[in-house]
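Please read the structure below before turning to the comments.
The values are calculated or read from the model by the stated rules, or taken from the named source; none is laboratory data. From a predicted model like this one, the values you see are computed outputs, not experimental measurements. No Cβ is skipped: glycine too gets one built from the backbone with ideal geometry, and neighbour counts run over all protein chains shown. Accessible surface is based on the protein model in full, side chains and every heavy atom, while ligands, DNA and RNA are left aside. Shrake-Rupley method; radii C 1.70, N 1.55, O 1.52, S 1.80 Å.
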Amino acid sequence: MNEFLTAAFLIPLFAAGVRMSVPLILGSVGEVVAEKTGVMNIGLEGQMLIAALISFIGAYFTGSLALGILCGGLSGMLTALISAFWCVNRKQDQSVVGIMVNLFAIGFTNFLYRAIFGVRTDRAKVEILESIKIPVLSDIPVIGEIFFDQNILVYIAVLMAVFTLYVLKRTRFGLQIEATGENPKAARSAGVRVKPVRYFGYMFCGFMAGIAGAFLSCGIVGAYTENMSAGRGFICLAVTILARWNPVLSVLAALLFGTVQALQLRLQAMGSELPYQFFVALPYIVTLLSLMLFGWNIHAPKALGKPYNEEQR
Amino acid sequence: MMQRSDCINGTLPFECSMEICGSEMEDKDRMQNRTPLLELKGITKSFGSFVANDHIDLRVYPGEVHAVLGENGAGKSTLMNIIYGMYKPDSGTISINGEKVRIRSPKDAIRHKIGMVHQHFMLVEVLSAIDNISLLEDDRLFVPRDRKKVKERIEKLQQQYHIDVDIESPVEQLGIGMQQKVEILKLLYTGADVLIFDEPTAVLPPQECDSLFEIIGNLTAEGKGVIFISHKLDEVLRISRRITVLTRGRVVKELDASEADREGLVRLMVGEDIDMQIPDHREGTAGEVVVSARGLRARDKRKVMTLNGVDLDIHAGEIVGIAGVDGNGQTELAETLAGVRHAKGGKVFIDGTEVSTYSPRTFVRNHIQYVPADRNNIGSVPDFPLYENWLLRNYDPPRRGPIIDYHKVREEAAEAIESYDVRTRGVDERTAQLSGGNLQKFIMARSLRETPKLLICEYPTRGLDIRAAMFIREKIVEAKKAGCGVLLLSGDFDELFSLSDRLIVMYKGKIVGERRPEETTVREIGMLMMGGAADGKAD
């Protein structure tokens, strides 16, 4: 048991935890905004997966990680646009459309990857993002190694969370977003254009999910593997609830899940009597437990998941 | 005419104050010399095959209140929603100060200085009044908002118009009257010149109506034009100068308030004379106690203890009227006696058996029926068809073996629709499609399916037109005559005085007075409602 409590084990564990939490932070910040506008973007998982592949393709053929990541963001946004059209314009059920997007993404990515790279034993690879040491801060013992020796997307993710909170709480656009998710009819009567705001919710969330996907393939792995988002998009939905629709709190919730994920990988690698499936399931078990423990007394946006019909009497 | 600036500014357009003297002018001159603030021509709007508005013309002049009268479903709300850009008209034109405008959304309406207090308030419940009002600001989206500036402007308006309301708390924590004041502040903030009030008094207790009329008076004195919608003829005659009467989507008459009277207006609205008098029903004596409460306490939905120890006996064959300003525990009393809210102290007895902690099912099985204030969400499931709603609060539906006999249910529902004159296309229609009056008749029919022991009616005629309201009142009296005890909550003094055998006044969760309607006055009850002692002194 002692081997777990050494600095040599714990510091890399937490550092990996921070890395693993990045897709969750990005995705849940996007989801917070989407849900605040009243739309539930269940297709987050699919958007993340598609973006993981598209960003990898982008980076592989252009040789530029930055371009690859941008491709990832845009592909996520584009995928979200499909949901937005069906749910905002055609007023379809958001959950059903989201599930369709997720199923579509699995088939689509498998097909596209094989069409481009074929079935080979040597995987196509790209360089991964380099870590950037933040001067001074990275010299702090322990904390520095865990938080301030990471790649650029880690910092961007946290900054985005703070920035998003600021926009939501302090600007008129944030107020419009909140009003649209709480009471679209009242929002409209106050001059807010509900449809564009909800479109924005979908597209922003898609873009963030896209960056999250890009982070997986181009940020830490350097390759694309089948179904590499592996349910992270769904965990983002749980993070959003746990964080009570607050982007900064979602950073904390994401850190918890990220750390469990990092731990799970290490436990697997160390070899144990338990079958590896148990460890793979660990993050999801923690998700369920935490929703059970902390998921009470929450106020979801009142119009969440309800299509808005302008002329309904 | 009035100068309109594109940005919203704090000062009100006082140029028009010169024209207030118009009130001393002859009405005819007024009509000839002035451009209307708002003019509608030939407005038509259909929903599917239903024509809600059929070539409606309407003119609103500065400094006057123009009332629009009509029964439920006459097309008043539709018309107002068209003016405010919520609906797009199929045809017709809208002019402001003589200029044709296109209003495609509320945003356009706000830009053209039109404001509206909706019948169902348009407030974001979790936001404070300040934030709700900030939403209306038309400045850049991503610049940090200047909450302090907005707050200062609101406070200035509050002082100017004597509107006292908490602007920091989420509006969901405010009472209905207060929420309405927030809505009025919204209008004032945008500097609207045309103000639409869609049935503003339907939700207000009588005292608050006066303060609303005062505000409306101040607004017209400044040259604003007000469109006022109401069912209550006394109010309309009291505050308006012009009256337009709508029937089935058409203007049947436009007339001066000075040449109108109650009976004439009723005839115009309904197309026939109707008897507004409730026949005397107080000769019989009350029977046994059916339901009683002892030391009853309950919390409201915000978990505040609003019912603080009430002792009450309701007898068979009597109507007990409850008067009180909103939020003084009446609702909680009704809900606790209906079994839909658990008491936090005290006891409820039905026929002498304690049932305090039982489920609503026990109350239903013991023949307690409940007509809730919220017809659309608690009284019915809006997305269910009528015949399924017929089964609500009915634990013994007709069965064939273990299966509900829907054939029978539909027959029962159809019969009820027939005998209660519910205007609908049939039992398969969703209840959401029913107008307020028709839905209430349907709920009444369901509640009186078998004569209950106790019928609890919360604001049963709120928002209903004259004919529907009279129908509901007659049914309440019929139920009483059949030996049913009735608990009647109402904000309408006429209703309370004409129906109740006993009047009970509640204040701060307690019963502060009991009177017989024939031995008291509206004034005395009003004083009691405000917490004043019976001798007329407020404490």
Rounded accessible area of B:LYS347 (nearest 10 Å², 1.4 Å probe): 90 Å²
When each of A:LYS302/B:LYS303; A:LYS185/B:LYS107; B:LYS156/B:LYS508; B:LYS113/B:LYS232; A:LYS185/B:LYS441 is checked by Cα-Cα distance, pairs over 22 Å: B:LYS156/B:LYS508; B:LYS113/B:LYS232; A:LYS185/B:LYS441
Rounded to whole Hz, the Karplus (6.51, -1.76, 1.60) HN-Hα couplings of the range A:192-202, x for glycine and proline: 7, 8, 5, 4, x, 5, 5, 4, 4, x, 4
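Is the shape of the range B:192-344 best called rounded, prolate or oblate, per the rule: a/c under 1.5 gives rounded, else a/b larger than b/c gives prolate, else oblate, with a ≥ b ≥ c the square roots of the Cα gyration tensor eigenvalues?
oblate
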Largest-first ellipsoid semi-axes for the range B:289-529, taking √(5λ) over the Cα gyration tensor eigenvalues, angstrom: 29, 21, 16
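Taking a probe of 1.4 Å and counting only protein heavy atoms, give the total accessible area buried between chains A and B in Å², rounded to the nearest 100.
Looking at A and B, the buried total is near 2700 Å².
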Chain B - percent of accessible surface contributed by carbon and sulfur, probe 1.4 Å: 48 percent
Highest-MSF residue in chain A out of A:MET208, A:MET48, A:MET160 [GNM, Cα springs under 10 Å]: A:MET160
In order through the range B:114-125: 3J(HN,Hα) via Karplus (6.51 cos²θ - 1.76 cosθ + 1.60), integer Hz, x for Gly, Pro: 10, x, 9, 9, 6, 4, 9, 4, 9, 10, 7, 4
FRET E, pair A:ARG114, A:SER272, Förster distance 30 Å, beta-carbon r, rounded to 0.05: 0.30
B:ARG449-B:ASP494 pseudo-label distance in nm [points 7 Å out on the Cα-to-Cβ vector]: 3.3 nm
Residues whose placed amide H lies under 5 Å from that of B:LEU246, excluding near-sequence neighbours: B:LEU69, B:GLY70, B:VAL252
Probe 1.4 Å - accessible area at B:VAL252, Å² to nearest ten: 70 Å²
Computed FRET value (nearest 0.05) for B:ASP57 with B:ARG102, which takes r as the C-beta separation and R₀ as 22 Å: 0.75
Check: the protein assembly as shown dipole with +1 on Lys, Arg Cβ and -1 on Asp, Glu Cβ, in debye: 2420 debye
Selection from B:VAL325, B:ASN308, B:ASN366 lying farthest towards where the dipole of the range B:289-529 points positive, charges on Cβ: B:ASN308
GNM top mover of A:ALA34, A:ALA269, A:ALA51 - chain A, alpha-carbon springs below 10 Å: A:ALA269
GNM result for chain A, Cα springs below 10 Å: residue of A:GLY210, A:GLY38, A:GLY107 fluctuating most strongly: A:GLY107
HN-Hα J in Hz across the range B:321-329 - Karplus 6.51, -1.76, 1.60, θ = phi - 60°, x for Gly and Pro: x, 10, 10, x, 6, 2, x, 9, x
Surface accessible to a 1.4 Å probe, A:SER75 within the full protein complex, Å²: 20 Å²
Solvent-accessible area lost in complex, 50 Å² minimum, residues of the range B:142-170 relative to chain alone, 1.4 Å: B:PHE142, B:ARG145
GluC sites (Glu not before Pro) restricted to the range A:110-197 and DSSP loop, no more than 16 other C-beta within 10 Å: A:GLU127, A:GLU130
Ranked packing of B:391-404, B:456-469, most packed first, by mean Cβ within 10 Å: B:456-469, B:391-404
Between helix A:7-36 and chain A: long-axis angle, C-alpha atoms, 0 to 90°, nearest 10: 10 degrees
Computed label-point distance, nm, for sites B:ASP234 and B:HIS407 using a 7 Å Cα→Cβ extension: 5.3 nm
